[in-house]
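The structure appears right after this line, and notes come after that.
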Amino acid sequence: MELVSRRDPHLREVVWFAACCRALTLLLQARCLLDFSPLFFFQALFNLLIPDHAADAFHPPRLSEPGLWDLLLERLLGGLSHWDAEHFLFIAEHGYLYEHNCAFFPLYPLSVRAAAEGALWPLQRLLRLRSRLLLSAVLLNSLFSVLAAAALYKLGCVVLQCRRVAFLAAVLFSVSPANVFMAAAYSESMFAFLAFSAMWQLEKGQSWLSGLLFSLASGVRANGLINAGFFLYSRGKCFALQLQVGSGSVRKLPPLWKQLLSVASSAVLMCAGIFLPFALFQYYAYVRFCGPGTGLEQAVPKPLLQLALDKGYRLAAMDGVKPPWCSQRFPVVYSYIQDAYWNVGFLRYFELRQIPNFLLALPVTLLGSWAAWTYIIANPRHCVTLGLERRKSEEEGKPRAGFCCPAVFVYVVHATVLLAFGFFCMHVQVLTRFLGSSSPVLYWFSAHLLQEYEPLLWSEGTGNQTAAPRSEKSLLGKSPGSCGKGTSENPIVRLLLNCRFITPLGKCVLGFFLSYWLLGLILHCNFLPWT
């Protein structure tokens with residue numbers, strides 16, 4: 001495949017569209033806009049029809065009186081500080097004061113605090129720390145989401161060997177069903193950027209840079225640990241394919257024991273690097289909550305102490321009483337919090353009253369399952385052999401392109417593992433953002449469906465696309481499986497401008513993305529439960 005140049009028009013369009021979508025998201029969620037803005041009517045209608053819900057969620061008291069600029073910023077961006085965002089902002093401001101804060105990993109709140117104290121330092125006379133933290137979180141997430149879209153495009157070009165599908169997938173990421181969590185003070189945008197970048201670097205053969213990025217990702221979210229599987233598979237596949245080389249190449253290879261030693265040592269080092277942030281954080285929590293009392297509760301502000309008493313939150317070294325997880329053989333605070341505070345476990349969410357949440361997760365569950373099934377049907381032998389068998393197409397240098405190409409196998413396995421774990425062991429409604437920020441397969445498969453079954457995307461017209469194609473010939477200007485360069489025109493914009501002619505499948509795919517994009521924004525910003 002031709003290398004992506006720095007002046008790649010597809011990449012420019014991906015970055016531009018992602019930035020525009022992020023700006024639109026911020027405008028739509030703002031609590032107050034200038035009266036002449038056409039978006040003011042929609043936001044006012046949302047707030048009138050769907051007032052803020054009095055949710056029983058973590059909501060710590062503010063320790064300082066807000067100023068005029070603080071109140072204005074809260075009106076503009078306050079919708080992005082709800083639910084788990086309160087935890088991240090609280091940690092960035094006060095550290096890991098309460099035990100259940102340890103469910104949220106430190107790299108994202110540390111980055112938010114660094115940006116608030118560094119880049120936004122000139123605003124300290126206008127905004128209190130909490131307001132600067134919220135502003136820095138929104139700005140960082142806007143940046144990370146745009147960079148994640150670019151990284152996904154680059155990754156797709158390398159893995160799919162089909163720039164058209166990679167471009168469409170990256171554009172779909174910009175209207176992700178998990179959109180609101182990419183904008184709010186959550187860690188999803190940062191994780192997606194680090195994970196997609198690490199995958200891209202690994203595909204390019206940059207193992208050490210990939211390992212560093214995967215390691216940083218595991219400091220953002222716990223499911224970053226699963227990414228170690230990419231490196232293990234990459235090393236294992238290289239070793240297996242080396243064993244299958246022709247007899248003429250045997251002399252060029254080192255002895256088998258040296259190959260084994262090299263593979264094992266690199267795998268151990270990389271996995272240790274990926275697991276290191278998790279282990280360090282668990283050790284930090286153990287020292288903080290299981291170590292001898294330090295009189296820390298004496299330094300805790302009274303409002304936060306009172307909140308701990310009212311809600312039953314456990315403070316670090318409170319009264320010298322150690323939490324039960326401290327006495328476990330492997331004292332892992334993360335798994336304890338998931339179990340004790342949120343009742344996360346195998347089949348624990350399978351209750352009749354959770355049916356609405358299962359329905360909420362139904363679209364992404366069906367899409368993920370369909371992606372796995374499509375890939376298995378297209379590559380049965382490749383799946384049975386785990387992709388470790390050298391194929392004739394690879395020997396000839398002509399691997400299949402698109403979603404069903406051999407290189408996608410490990411990504412499908414990764415997405416399927418996340419889907420199964422999330423469906424059976426987690427609060428199922430988080431599946432949409434869980435998969436949307438962790439796996440490229442959701443976007444690759446959706447792009448594959450649109451490219452294969454949406455005739456409007458088969459033509460290469462660059463002019464005005466608001467009218468229906470004049471003939472079947474113009475529709476079929478490019479075959480659905482074509483993987484040429486294609487035009488840099490935004491395919492999502494083309495489909496929306498021709499919405500009357502979109503196929504039912506295309507309407508379902510775009511309907512899922514766009515409806516969750518908008519509904520999530522409306523409900524989440526009004527403190528109503530969402531994914």
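Among the residues of region 109-163, write down those that are assigned to a loop (DSSP other than H, G, I, E, B) and on the phi < 0 side of the Ramachandran plot.
Our first condition is that a residue be assigned to a loop (DSSP other than H, G, I, E, B); within region 109-163, this holds for 118-120, 124-128, 161-162.
Gly118, Ala119, Leu120, Gln124, Arg125, Leu126, Leu127, Arg128, Cys162 - these are the residues of region 109-163 that are assigned to a loop (DSSP other than H, G, I, E, B) and on the phi < 0 side of the Ramachandran plot.
Name the residues in region 101-123 that are more than 19 Å from Ala183 (Cβ to Cβ) and open to solvent by less than 10 Å² (accessible area, probe 1.4 Å), would you?
Asn101, Cys102, Phe105, listed by residue number.
Output the residue which, of all residues in region 324-343 that are assigned to a loop (DSSP other than H, G, I, E, B) and out of contact with any Phe, Trp or Tyr (no Cβ under 6 Å at 6 or more places or on another chain), is surrounded by the most Cβ atoms within 10 Å (Cβ to Cβ).
Taking region 324-343 first, the residues assigned to a loop (DSSP other than H, G, I, E, B) are 328-332, 341-343.
With the extra rule that they be out of contact with any Phe, Trp or Tyr (no Cβ under 6 Å at 6 or more places or on another chain), the set shrinks to 328-330, 332, 341-343.
Details: Gln328: 12, Arg329: 5, Phe330: 7, Val332: 16, Tyr341: 13, Trp342: 13, Asn343: 10.
So the residue we want is Val332.
Of the conditions (1) in contact with a Phe, Trp or Tyr (Cβ under 6 Å, 6 or more places away or on another chain); (2) modelled with pLDDT of 95 or more, Phe90 fails just one. Which one is it?
Failing condition for Phe90: (1).
With the condition kept exactly as written, say whether any residue in region 128-144 is touching a Pro at 6+ places or on another chain (Cβ under 8 Å) and β-branched (Val, Ile, Thr).
No, every residue in region 128-144 fails to be touching a Pro at 6+ places or on another chain (Cβ under 8 Å) and β-branched (Val, Ile, Thr).
Does Ala149 satisfy the condition of being touching a residue at least 12 places away in the same chain (Cβ under 8 Å), open to solvent by less than 10 Å² (accessible area, probe 1.4 Å), over 30 Å from Ala340 (Cβ atoms) and touching a Leu at 6+ places or on another chain (Cβ under 9 Å)? Steps first, please.
On the way: touching a residue at least 12 places away in the same chain (Cβ under 8 Å): yes; open to solvent by less than 10 Å² (accessible area, probe 1.4 Å): yes; over 30 Å from Ala340 (Cβ atoms): yes; touching a Leu at 6+ places or on another chain (Cβ under 9 Å): no.
Against the criterion (touching a residue at least 12 places away in the same chain (Cβ under 8 Å), open to solvent by less than 10 Å² (accessible area, probe 1.4 Å), over 30 Å from Ala340 (Cβ atoms) and touching a Leu at 6+ places or on another chain (Cβ under 9 Å)), Ala149 does not qualify.
May I ask you to list pairs of residues, at least six apart or on different chains, whose Cβ atoms are under 6 Å apart, with the first in region 503-531 being over 19 Å from Leu76 (Cβ atoms) and the second being crowded, with 17+ Cβ neighbours inside 10 Å and of a type in the set (Gly, Ala, Ser)?
Val509/Ser446; Trp530/Gly520
Ser459 - would you say it is open to solvent by less than 50 Å² (accessible area, probe 1.4 Å), modelled with pLDDT of 90 or more and outside any helix (DSSP H, G or I)?
On the way: open to solvent by less than 50 Å² (accessible area, probe 1.4 Å): yes; modelled with pLDDT of 90 or more: no; outside any helix (DSSP H, G or I): yes.
No; evaluated as a whole, the condition is false for this residue.
For every residue, the table says whether it meets (1) exposed (fewer than 15 other Cβ atoms within 10 Å of the Cβ); (2) modelled with pLDDT of 90 or more.
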site: Cys483; (1), (2): no, no
site: Cys499; (1), (2): yes, no
site: Pro504; (1), (2): yes, yes
site: Gly511; (1), (2): yes, yes
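When residues of region 404-422 are filtered for being under 18 Å from Ile376 (Cβ atoms) and at pLDDT 95 or above, how many remain?
Residues that pass the stated criteria total 13.
On the basis of being modelled with pLDDT of 95 or more and under 17 Å from Ile274 (Cα atoms), does Ser174 make the cut? Spell out the reasoning first.
On the way: modelled with pLDDT of 95 or more: yes; under 17 Å from Ile274 (Cα atoms): no.
Taking the combined requirement at face value, the residue does not satisfy it.
Which one is farthest from Leu212 (Cα to Cα) among residues in region 270-283 that are touching a residue at least 40 places away in the same chain (Cβ under 8 Å) and open to solvent by 30 Å² or more (accessible area, probe 1.4 Å)?
Only one residue tops the list, namely Phe278.
So which residues in region 174-190 are touching a Leu at 6+ places or on another chain (Cβ under 9 Å), in a helix (DSSP H, G or I) and open to solvent by less than 10 Å² (accessible area, probe 1.4 Å), if there are any at all?
Within region 174-190, Asn179, Val180, Ala183, Ser189 qualify.
Restricting attention to region 98-106, does a residue exist that is more than 28 Å from Phe275 (Cα to Cα) and of a type in the set (Asp, Glu)?
No, every residue in region 98-106 fails to be more than 28 Å from Phe275 (Cα to Cα) and of a type in the set (Asp, Glu).
Could you give me the residue pairs with C-beta distances under 8 Å whose first residue belongs to region 378-407 and is hydroxyl-bearing (Ser, Thr, Tyr), whose second residue is surrounded by 12 or more Cβ atoms within 10 Å (Cβ to Cβ) and at pLDDT below 85 wherever it lies, and which are 6+ apart or on separate chains?
Short answer, once both residue conditions are applied: Ser393/Pro399; Ser393/Arg400.
The values are calculated or read from the model by the stated rules, or taken from the named source; none is laboratory data. Worth saying up front: this structure is predicted, and the values here are computed from it rather than measured. Cβ coordinates were reconstructed from backbone atoms using ideal geometry, including for glycine residues, and neighbour counts include every protein chain displayed. Only protein heavy atoms, including side chains, enter the accessible area calculation; ligands, DNA and RNA are left aside. Shrake-Rupley method; radii C 1.70, N 1.55, O 1.52, S 1.80 Å.
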